[in-house]
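Let me begin by presenting the structure, written as structure tokens, before commenting on it.
The values are calculated or read from the model by the stated rules, or taken from the named source; none is laboratory data. Model, not experiment: these values are computed from the prediction. All Cβ positions, even for glycine, are placed from backbone atoms using ideal geometry, and neighbour counts span all protein chains on display.
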Amino acid sequence: MPLSEQNLARAEELIARYPQRRSALLPILFLLQAEDGYVSPAGVAQVADLLGLTRAEVGAVATFYTMFRRRPVGKYLVSVCKTLPCQLRGAREISAALAERLDVPLGGTDQSGMVTVEEVECLAACDGAPVVQVNTENYERLSRDEALRLVEALLRDELPAPTFAAAGSVTEPSTASLHWRLAGLGDPPAAFGATAAAAEPAATADGQPAARRIGREPSPPEPTEQREAGEPQPAEGAGAAAPEAPTEPEPPEGSGEPRRGAPVDRDAEAAHEAPQDEGPAPERGPSGSGEAGR
Amino acid sequence: MTEQVRVLTSRWEDDRAHEIDRFMELDGYASLDAAFAKAPEDLVQLVKDSGLRGRGGAGFPTGMKWGFLAKGTGKPTYLVVNADESEPGTFKDMELLERDPHALVEGVIVSAYAIGCRTALIYLRGECGWAGRRLQAAVDAAYDRGLLGRDVKGSGFDLDVVLHRGAGAYICGEETALLSSLEGQRGQPKLRPPFPAVEGLYRAPTTVNNVETIAAVPWILRNGVDWFRSMGTEKSPGPKLFSVSGDVRNPGNFEFPLGVPAREVIMEAAGGMLEGKTLKAWTPGGSSTPMLTGEHLDTPMDFEGITAAGSLLGTAAVIVMSEDVCIVNACLNFTEFYAHESCGKCTPCREGTDWMRKILLRLETGQGREEDMDTLKDICDSIFGRSFCALGDGATSPIVSALKYFRDEFSEHVSGGGCPFPGSRVVAAAH
């Protein structure tokens, strides 16, 4: 079964927090995703039984939210914010470069199953533009090359410290660990996350540790050269980074995430649709300290 | 010159303020005794008298919203905190939760006591890892110290707080959609009336308030209505967080009294334009509020002032665009956002946002036609006021305002066979 007996007990713990059982659906889907790496069809059936819902009802919810995945996600989920303040500072060049490096379309997972890269909408950190997240922790004001170095480290299963590490921010060592925490169950089991901390923290574009706070000293203008240069468009990145891809028969996860504008019947299908693996299930590191760097 | 103030940001410079002991050294939780010494209805009256208006975008008077809560229904009353901050350009609530998470917990305790709520739920954006850890730790610490749970601080008042993570959906910032999501449904808005104050979460009386709103309540209790009203304007009193991003030298959050001229926020606090750039357009309250231009820099940033200038204060999220930003490109970026985030419930928004996206894309890529501008305006007219919730209205804001101020630039995209700006970034990465 997708949710182990032990985790079914944790699911009951989540249910008990709410005045009505169904309110625990989102947390339980995160728990399922922590265990299976995605919202698996078998998991949908199990959660439906648990909450007294139909599979269609659970599928309809699972497909509505972008953080629920219909295909396995890598150990590291790299999310590049594409909304205007980040785009103004070069976010689209970053996402295209990362997709090209991983040789996947946006939303895809590299062959080793280690890194998934996606473009996402505003991450509520616009003063740190361009914002890249690894497992929802921020790496701000990265240049294209710095973002590439970040991904190189992740491919080696090394996790650079996030921008606000000095102030206490910690990156979840795996997506399994992330999803466990999003379920609201506190610190994840050690088995969900051990990662070698990379020696070098990810520096910001100007080489300064970012200090996001009010009244920050004016910083020198940096990353705007890219867009002023009017560089020729990278042809090789164009195909790799096509979030719309309307004609693709089998859109990659991320771009093919259920469009909420899609006809409703897709939601009902979702419960029955067996997601085809495009990549292996997420790697889970050996047990060890999941809280490295804290 | 308007001085920046330090109310909600007063503890942000302290790098230990997120720890409960340090928070209490800094007078945190000091408002609880004062609150429990008052009758709940007196607290509601206090918030009414303060003139505090919701900081989540709509600016509805908070005390009045609380006053609408149905009484004697035999059902529990719920306080739901909207921490699903996702309006493009807005990053105030997340920084507040990262820097000073107990400020929200303190506000939740006082507010819940005022409205007779025993279970408060905080709907936090799932994508914000650090804010989530900080807030979870703050809630846990408050339980450990007897500030949450049974008999809060010996007052006889019981309060449980549930921290609930969203799963990636902008629409869940809309209060009825948020409640749907909390109930374990798709995050789609519900018809109003009945309003949440009468039938909200589990069809029980519910108030949904923004993080910044709730965090302001203890300050009103501690320092009084007159103090609160000494900041801001008659109709928009108090301090406010302004998030400034885009082409400025010093992007960040700044706290000013409402009514501060936009010029001081953008050109002084945020350091002015990046070197060598001039201002072209700015949003006063996130992407859902109509863009303004350099001519509007002396507009007072309060609910009335910005409305008079033809826009909305929204979340006070100022996105600054310089002369070298293609306005069609900017509209395309925002419209991609709305097309992606439209929940699909109502036709004008679901279909209209995607049509607008396609038209803007063809303008940007040299396939535009002269009639596209009228078509865009026509679609906006079909969405505005006809969509189920405010998401659709917001989606029309960038386009309608861009056509108003920069129509010639749209025409150039047609006559010139595409985007006249070098290195058009949407095209570079996405298409």
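Here are a few things to note about the model shown:
- Taken over the stretch B:58-92, the residue count meeting the criterion of being within 30 Å of B:PRO398 (Cβ to Cβ) and away from chain A (no Cβ under 14 Å) is 7.
- Exactly one residue out of B:LEU148, B:LEU179 is farther than 27 Å from A:THR175 by Cβ, in contact with a Ser or Thr (Cβ under 7 Å, 6 or more places away or on another chain), within 14 Å of chain A (Cβ to nearest Cβ) and in contact (Cβ under 8 Å) with a residue 12 or more places away in the chain, and it is B:LEU179.
- Boolean, B:TYR123 is within 27 Å of A:ARG70 (Cβ to Cβ), in contact with a helix residue (DSSP H, G or I) (Cβ under 7 Å, 6 or more places away or on another chain), of a type in the set (Phe, Trp, Tyr) and not in a loop (DSSP other than H, G, I, E, B): yes
- Comparison of A:ARG22, A:ARG55, A:ARG10 shows that the only residue that is basic (Lys, Arg), more than 21 Å from the chain's Cα centre (by Cα) and within 10 Å of chain B (Cβ to nearest Cβ) is A:ARG22.
- Given (1) among the acidic types (Asp, Glu); (2) within 10 Å of another protein chain (Cβ to nearest Cβ); (3) without any contact (Cβ under 8 Å) to a residue 24 or more places away in the chain, number of the condition A:ASP145 does not satisfy: (2)
- Of all residues in the stretch B:401-428, those satisfying the criterion of being at pLDDT 95 or above and over 15 Å from B:GLU371 (Cα atoms) are B:SER401, B:ALA402, B:LYS404, B:TYR405, B:PHE406.
- Answer from B:GLY366, B:GLY352, B:GLY394 - the residue that is surrounded by fewer than 21 Cβ atoms within 10 Å (Cβ to Cβ), within 14 Å of another protein chain (Cβ to nearest Cβ) and in contact (Cβ under 8 Å) with a residue 24 or more places away in the chain: B:GLY366
- Considering only residues in the stretch B:1-33 that are touching a residue at least 24 places away in the same chain (Cβ under 8 Å) and in a helix (DSSP H, G or I), the one that is surrounded by the most Cβ atoms within 10 Å (Cβ to Cβ) turns out to be B:PHE23.
- Subset tally (residues that are touching a Gly at 6+ places or on another chain (Cβ under 9 Å) and without any contact (Cβ under 8 Å) to a residue 60 or more places away in the chain) for the stretch B:123-137: 9
- Selection within the stretch A:51-65 - surrounded by fewer than 22 Cβ atoms within 10 Å (Cβ to Cβ) and not basic (Lys, Arg): A:LEU51, A:GLY52, A:LEU53, A:THR54, A:ALA56, A:ALA60
- Residue match in the stretch B:329-345 (condition: out of contact with any Gly (no Cβ under 7 Å at 6 or more places or on another chain), at the interface with another protein chain (Cβ under 9 Å from one of its Cβ atoms) and over 20 Å from B:THR283 (Cα atoms)): yes
- Options A:VAL120, A:VAL80; residue that is in contact with a Ser or Thr (Cβ under 6 Å, 6 or more places away or on another chain), modelled with pLDDT of 95 or more and within 8 Å of chain B (Cβ to nearest Cβ): A:VAL120
- Residues being part of a loop (DSSP other than H, G, I, E, B) and surrounded by fewer than 20 Cβ atoms within 10 Å (Cβ to Cβ) - total across the stretch B:310-326: 3
- Residue within the stretch B:225-248 that is under 30 Å from B:GLU275 (Cα atoms), within 11 Å of chain A (Cβ to nearest Cβ) and in a loop (DSSP other than H, G, I, E, B) present: yes
- Filtering B:ALA142, B:ALA197 for residues that are of a type in the set (A, V, I, L, M, F, W, C) and under 25 Å from B:GLN45 (Cβ atoms) leaves a single hit, B:ALA197.
- Residue among B:ASP140, B:ASP160 that alone is at the interface with chain A (Cβ under 9 Å from one of its Cβ atoms), of a type in the set (D, E, K, R) and either crowded, with 24+ Cβ neighbours inside 10 Å or without any contact (Cβ under 8 Å) to a residue 12 or more places away in the chain (or both): B:ASP140
- Selection count where residues are in a loop (DSSP other than H, G, I, E, B) and within 14 Å of chain A (Cβ to nearest Cβ), scope the stretch B:184-215: 9
- Residues satisfying the criterion are absent from the stretch A:60-70 (criterion: more than 10 Å from chain B (Cβ to nearest Cβ), among the small types (Gly, Ala, Ser) and in contact (Cβ under 8 Å) with a residue 12 or more places away in the chain).
- Of all residues in the stretch A:144-161, those being assigned to a helix (DSSP H, G or I) and more than 21 Å from A:GLY128 (Cβ to Cβ) number 2.
- Residue check for A:LEU53: aliphatic (A, V, I, L, M) and either without any contact (Cβ under 8 Å) to a residue 40 or more places away in the chain or within 25 Å of B:VAL162 (Cα to Cα) (or both): yes
- Residue within the stretch B:374-385 that is on the phi < 0 side of the Ramachandran plot, touching a Gly at 6+ places or on another chain (Cβ under 7 Å) and within 14 Å of chain A (Cβ to nearest Cβ) present: yes
- All positions within the stretch B:260-287 that are crowded, with 23+ Cβ neighbours inside 10 Å, part of a loop (DSSP other than H, G, I, E, B) and out of contact with any Lys or Arg (no Cβ under 8 Å at 6 or more places or on another chain): B:PRO284, B:GLY285, B:GLY286, B:SER287
- Looking only at the stretch A:108-119, and only at residues there that are surrounded by fewer than 24 Cβ atoms within 10 Å (Cβ to Cβ) and within 13 Å of the chain's Cα centre (by Cα), the one that is farthest from A:GLY193 (Cα to Cα): A:GLY108
- Failed item, numbered, when A:PRO105 is tested on (1) facing chain B (nearest Cβ under 9 Å); (2) under 23 Å from B:GLU341 (Cα atoms); (3) surrounded by fewer than 24 Cβ atoms within 10 Å (Cβ to Cβ): (1)
- Any hit, the stretch A:88-99, residues being touching a Leu at 6+ places or on another chain (Cβ under 7 Å), at the interface with another protein chain (Cβ under 8 Å from one of its Cβ atoms), surrounded by 24 or more Cβ atoms within 10 Å (Cβ to Cβ) and not hydrophobic (A, V, I, L, M, F, W, C): yes
- The single condition among (1) more than 7 Å from chain A (Cβ to nearest Cβ); (2) assigned to a helix (DSSP H, G or I) that B:GLU95 does not meet is (1).
- Residue check for B:ASP151: at positive phi and surrounded by fewer than 22 Cβ atoms within 10 Å (Cβ to Cβ): yes
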